[in-house]
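The values are calculated or read from the model by the stated rules, or taken from the named source; none is laboratory data. As the structure is a prediction and not an experimental result, all values here were calculated from the model. No Cβ is skipped: glycine too gets one built from the backbone with ideal geometry, and neighbour counts run over all protein chains shown. We work out accessible area using only protein heavy atoms, side chains counted, and drop any ligands, DNA or RNA first. Shrake-Rupley method; radii C 1.70, N 1.55, O 1.52, S 1.80 Å.
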Amino acid sequence: MFSSIWNHNYKNIKKYQTGITTFSLIGLIVFGLLVYTVPFVDDIPSYIAVDNSYALPSDFSDTDSELDAIVDDVFLIAPGEGLKHFSAEVPLYDKDELHISFQCDNKSLTPCILYVDLFSGPDFDSEKMQIAFTLLPGIMSYDNNITVFLMKGDPSSALLRLFTFDNTDLELSNLIVERRSLAYQPRTIISVTTTIAGIAFLICLFLFLWNVRLKIHEMRHAIRKIRSNISVLRRIKWKPLLSVFLSVIIIVLVTMLIIYRNADIRYPLSYSGGDEMGVYYFGKLIDEYGITLTGHRTGGFSGADLYDYPYSDSLSFLLVKIIGFFTDNPFLIINTFYFLCFFLAGLFCAAAMLHLGISPFVTVVLSSLYAFTPYIQIRYSHMWLVTFFMIPIGLTVAVEIAKGTVYFERGNPNNNRRYFRIIFSSFCCAFTGLYYAYFTCAMFSAAIVINIVNNRKKKAHMWYPLTCIAAVLVGVIGQIIPNLLYQSIHGINSGSEVLLRGRGDSEIYGLKLVQLLMPRPSHRIALFSKLAQKYSSMYPLVNENMTASLGIIASIGFVTSILILLSTSSAAKEISYLNFSAFFIGTIGGLGSLLSLILPAMIRCYNRISVVIMFLSLVQIGYLIDKFRSKLPSSVFSVFLSVILLVGLYDQTATFVNPDFSTIDSDIMVVKEIEHNMPADSMIFQIPCLNWPSWGGYSSFLGYVNSDTLRWSFGAAQNRVESDWQQYVSHLSDEERMVDTLLEAGYSGIYFNKNLYSSFCGGDDQTQAKIEQLNSVLGEPTVVSENGNICFWSLI
């Protein structure tokens, strides 16, 4: 009986087996990731309400004009010149936050401004606490937060003021002043989300294992046909496939050993104090705390997080974490990951080219060139952009969509297995960064349009490719759910790096045709190097888009793609259509600029789509070479391919030059000395206090990167409470007051970076004056770096 039931269910389930396996595997990845990442949101302290009657309307009085009054808890601000002022005395609590909300009926004909602040005499920094509400004519509601900073010696109470200077006619009602206190508190939304994700994970695990059982059952039937199965295995060309991969690995390895022969990978490959220090910070953070980008040794008392800045780089971060199991050196971790990306780019490109029908020998050459695109070599400081190795896989799917071969067909198990493999491949493209996920979806969309236009007289399978876009979106959303939960709890950060970016950046950082075809910066040939430098120095809108150079081989492929569009040839025309689409999306004034009017400004650097154009251009060259292969003797063809490889690598690469190790050693040694002199878990306040990540100054991460037991102030999310508090303390004009405030907050030392202070706070004279002021309060620095750039004072 059981056997008959099993056979009946097996027949019904078998036709959906591949789909169930695919979606259960996607669910395992997404929900497993959520089960791991969502609980970390609770590690970030938040403000919780502790006093809902902190200041009631009845506590306020009008002190400036007989025309102003409070009637039935409604603030009446009558027209008239001068200051209109209501105030209530309230107690001050250290690091608390006030939430202000009210309803306003502006009977004036013009907008006016209402100010809210805390005032406690001429020495109190009221401007730091002041917020302004722009009140439009009519009835509207407003709410905002004020952060209270209580320092040693300050009074225990202050005046909470509402005032305006305008000739206005206002009625304020429903005033609520709520006091909130900073605390770590488990949130229901986090526990509920984690529970739901855990249940969904278990369901997906059950479905996946059930399908594995079905597969085993199927294999039992197939074991009788073992001979035919062996013959099938023999028909698979394993040796050519493995030889292609091995050849690519050897070429990439040899080229890398030549280019980086002088590099000491235990040290930074770049050390300018710029973006690469943020990369080393990520490497250290992931090694210590995992892929969630949250930690407790940076960001001051509240710790560090990047929930205001969504990342879709879980695969990249996972690779970094795996490398971290073998070494604790953050520079070695990042350098190893960087070199790994060369190999991954070459191997994934080779797999994609073989799938697209390019011959093995040509695939080896062109995949090696793709591994050494100028983009990956110049982008070391933007490490999370060198992870474009999934782009070839996504573009392979895009080619299939453009051809109209992505669809589900009942009764065709082979086609359906292929369809679900394509969906899973698309899903995997979501895990190497938001930009590449976005470009993948953009190319899928372009491929759908191409398919519809080319098959307008036939039945175009337009709906099935949408599942590929959906698969990418599922992967991205699954990774940013913790960000969404964080912002639902703490509110959207209006001063975050993402929201500060302008929509016009799509024009500023767009792609230029001339830069695609221009020689790479620092070219080996002096004439080409001067040409690239001349263009960069004399023409506008030159920025990171100078990394978009394709190299001479891919440039020929790009031009060929455009010429094919103008010809009547139909061979590999989908590649040309997609290549032109990528350029049309990324170019200045192109579709990307139009999309920036609709989409959030987070996607702004459309020049980064050059890696898409690079792959498609090399594929076009591959088809072109294969087309003429039969016309050349094998020996001549081998020489021809060798010339292409050597010329391409020579043109696209530059020999690595080590940075100044003496500077690196000096900075590392001073941090180690500070760590040796201070107790474990000591908090170090860093000057200058810079916003992260908008202001730059990433060399402030040097302390964290090179220490193992100290806690550092830099890394607090900008425009959040901890960052605002640090900014406030660092701008106190009285150094003695600043030191007392830091001691009360639990800080044990002050770390001063002269170069950063000079760059961001007014020059060498102001830097020297600041050091003298600190010396007058704290005495001579406890530790000074060998090059004199870093000074450290112990507060304990």
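See the values below:
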quantity	calculated
Within region 732-757, considering residues that are open to solvent by 30 Å² or more (accessible area, probe 1.4 Å) and under 30 Å from the mean Cα position of the chain (by Cα), the one nearest to Met678 (Cα to Cα)	Lys754
Those residues of region 252-271 which are open to solvent by 40 Å² or more (accessible area, probe 1.4 Å) and either in a helix (DSSP H, G or I) or among the polar types (S, T, N, Q) (or both), in sequence order	Leu253, Val254, Leu257, Ile258, Asn262
Residue match in region 472-484 (condition: closer than 25 Å to Leu594 by Cα and in contact with a Lys or Arg (Cβ under 7 Å, 6 or more places away or on another chain))	no
Residue match in region 545-562 (condition: part of a loop (DSSP other than H, G, I, E, B), more than 18 Å from Thr373 (Cβ to Cβ), open to solvent by 30 Å² or more (accessible area, probe 1.4 Å) and not charged (D, E, K, R))	no
Filter result (under 12 Å from Asp117 (Cα atoms) and either of a type in the set (A, V, I, L, M) or without any contact (Cβ under 8 Å) to a residue 12 or more places away in the chain (or both)) within region 82-102	Ala88, Val90, Leu98, Ile100
Test: residue in region 637-654 that is aliphatic (A, V, I, L, M) and within 17 Å of Lys573 (Cβ to Cβ)	no
Every pair of residues 6+ apart whose Cβ atoms lie under 9 Å, when the first sits in region 732-753 and is outside any strand (DSSP E or B) while the second is among the hydroxyl-bearing types (Ser, Thr, Tyr) and at pLDDT below 85	Leu732/Thr741; Thr741/Tyr728
Tally, over region 592-641, of residues that are open to solvent by 60 Å² or more (accessible area, probe 1.4 Å) and in a helix (DSSP H, G or I)	11
Phe444 being open to solvent by less than 10 Å² (accessible area, probe 1.4 Å) and of a type in the set (Phe, Trp, Tyr)	yes
Subset of region 326-347 (residues that are of a type in the set (A, V, I, L, M, F, W, C), over 27 Å from Ser713 (Cα atoms) and either open to solvent by 20 Å² or more (accessible area, probe 1.4 Å) or at pLDDT below 95 (or both))	Phe326, Phe339, Leu340, Phe343, Leu344, Leu347
Output for region 680-731, where each listed residue is assigned to a helix (DSSP H, G or I) and among the β-branched types (Val, Ile, Thr)	Val705, Val721, Val729
Test result for Pro465, within 22 Å of the chain's Cα centre (by Cα), open to solvent by less than 20 Å² (accessible area, probe 1.4 Å) and at pLDDT 85 or above	no
Any chance Leu395 is surrounded by 22 or more Cβ atoms within 10 Å (Cβ to Cβ) and either touching a residue at least 40 places away in the same chain (Cβ under 8 Å) or in a loop (DSSP other than H, G, I, E, B) (or both)	yes
Contacts under 7 angstrom Cβ, first residue in region 158-177 being under 16 Å from Ile70 (Cα atoms) and of a type in the set (Asp, Glu), partner outside any strand (DSSP E or B) and open to solvent by 10 Å² or more (accessible area, probe 1.4 Å), 6 or more apart	Asp169/Ala78; Asp169/Pro79; Asp169/Lys107; Asp169/Ser108
Flag for Phe301 being open to solvent by 40 Å² or more (accessible area, probe 1.4 Å) and either assigned to a loop (DSSP other than H, G, I, E, B) or under 22 Å from Ser707 (Cβ atoms) (or both)	yes
Region 180-206 residues that are small (Gly, Ala, Ser), paired with ones that are open to solvent by less than 70 Å² (accessible area, probe 1.4 Å) and in a strand (DSSP E or B) (beta carbon under 6 Å, 6 or more apart)	Ala183/Ile48
Selection status of Ile401, modelled with pLDDT under 95, outside any loop (DSSP other than H, G, I, E, B) and not hydroxyl-bearing (Ser, Thr, Tyr)	yes
Residue count, region 489-534 (criterion: aliphatic (A, V, I, L, M), surrounded by 16 or more Cβ atoms within 10 Å (Cβ to Cβ) and over 28 Å from Ala582 (Cβ atoms))	1
Failed item, numbered, when Met390 is tested on (1) closer than 30 Å to Gln17 by Cα; (2) open to solvent by 20 Å² or more (accessible area, probe 1.4 Å)	(2)
Within region 664-679, tally of residues that are assigned to a helix (DSSP H, G or I) and open to solvent by 50 Å² or more (accessible area, probe 1.4 Å)	6
Test: residue in region 326-340 that is over 19 Å from Arg379 (Cα atoms) and among the hydrophobic types (A, V, I, L, M, F, W, C)	yes
Tally, over region 642-663, of residues that are open to solvent by 80 Å² or more (accessible area, probe 1.4 Å), out of contact with any Lys or Arg (no Cβ under 7 Å at 6 or more places or on another chain) and not aliphatic (A, V, I, L, M)	1
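So that you can scan it fast, the table gives a plain yes or no per residue for (1) closer than 24 Å to Leu742 by Cβ; (2) touching a residue at least 40 places away in the same chain (Cβ under 8 Å); (3) among the basic types (Lys, Arg); (4) in contact with a helix residue (DSSP H, G or I) (Cβ under 7 Å, 6 or more places away or on another chain):
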position	(1), (2), (3), (4)
Tyr271	no, yes, no, yes
Tyr281	yes, yes, no, yes
Thr292	no, yes, no, yes
His296	yes, yes, no, no
Phe301	yes, yes, no, yes
Tyr309	no, yes, no, yes
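A quick yes/no check of all residues on (1) within 30 Å of Ala345 (Cα to Cα); (2) at pLDDT 80 or above; (3) not hydrophobic (A, V, I, L, M, F, W, C):
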| site | (1), (2), (3) |
| --- | --- |
| Tyr184 | no, no, yes |
| Ile203 | no, yes, no |
| Asn211 | no, yes, yes |
| Arg220 | no, no, yes |
| Ser228 | no, no, yes |
| Pro240 | yes, no, yes |
| Leu253 | yes, yes, no |
